[in-house]
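The values are calculated or read from the model by the stated rules, or taken from the named source; none is laboratory data. Not measured: the values here are computed from a predicted model. Cβ sites come from the backbone with ideal geometry, for glycine too, and all protein chains shown count toward neighbours.
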Amino acid sequence: MSKAKVIIVYESYHHFNTEKVARIIAQRLQADLYRSSQVKIPTLLEYSAIGIGTGIYWGKPHKKIQLLLNKLPNLTGKKSFLFITSGIIYKHYTRRIINKISHKMAEKGLAVIDFLSIKGWDTFGPLALLGGINKGHPDLEDLHQAELFANRVLNEL
């Protein structure tokens with residue numbers, strides 16, 4: 001069986017929480033790693049699996065990830081996975097966001113095989129006045145969870 005060709009497209013700024021997680025996952029999957037602004041849509045057709053990574057901002061994925069998802073052509077037959085970082089990691093909050101993004105990915109024909117949510121240091125907006133939340137995240141345990149996630153994805157490819 002041939003090795004799956006995997007690409008991870010992510011968007012991360014501020015504290016680069018998502019980028020830290022993306023690098024761990026990409027290393028384990030031996031995936032190509034691109035910021036959303038670096039990847040051209042036709043390039044995605046060359047891959048058998050597509051990972052999407054984003055921070056969450058005011059309850060939504062990064063605007064560049066939203067734009068990318070809206071521009072995707074039909075990618076039926078390709079596997080995908082999703083990971084997010086967020087200052088708020090409450091089960092119902094993150095599940096709602098993941099479901100919404102996964103639904104958009106499925107609309108484009110992508111088969112979502114797994115997802116992951118990781119705490120991220122958040123000093124966005126009014127949180128800056130308090131010094132933020134989840135300082136130090138993603139930490140070593142979070143990054144270990146990202147590696148375990150990558151192993152699960154690898155088993156499904």
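The table below lists the values:
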| quantity | calculated |
| --- | --- |
| Pair list, Cβ < 7 Å and 6+ apart or interchain, from region 82-96 residues that are closer than 16 Å to residue 146 by Cα and of a type in the set (Phe, Trp, Tyr) to residues that are loosely packed, with under 15 Cβ neighbours inside 10 Å and at pLDDT 75 or above | none |
| Residues (of a type outside the set (A, V, I, L, M), at pLDDT 80 or above and assigned to a loop (DSSP other than H, G, I, E, B)) located in region 98-157 | 108, 109, 138, 139 |
| Number of the condition not met by residue 43 [criteria: (1) β-branched (Val, Ile, Thr); (2) surrounded by 14 or more Cβ atoms within 10 Å (Cβ to Cβ); (3) more than 27 Å from residue 138 (Cα to Cα)] | (2) |
| Filter pass, residue 78 being surrounded by 14 or more Cβ atoms within 10 Å (Cβ to Cβ), among the charged types (D, E, K, R) and in contact (Cβ under 8 Å) with a residue 12 or more places away in the chain | yes |
| Among (1) small (Gly, Ala, Ser); (2) surrounded by fewer than 16 Cβ atoms within 10 Å (Cβ to Cβ); (3) in contact (Cβ under 8 Å) with a residue 40 or more places away in the chain, the one test that residue 51 misses | (2) |
| Members of region 30-40 that are farther than 17 Å from residue 84 by Cα and either crowded, with 17+ Cβ neighbours inside 10 Å or free of Cβ contacts under 8 Å to residues at least 24 places away in the same chain (or both) | 31, 38, 39, 40 |
| Residues of region 1-29 that turn out to be out of contact with any strand residue (DSSP E or B) (no Cβ under 7 Å at 6 or more places or on another chain) and over 19 Å from residue 142 (Cβ atoms), as a count | 4 |
| Test: residue in region 9-19 that is more than 19 Å from residue 151 (Cβ to Cβ), small (Gly, Ala, Ser) and part of a strand (DSSP E or B) | no |
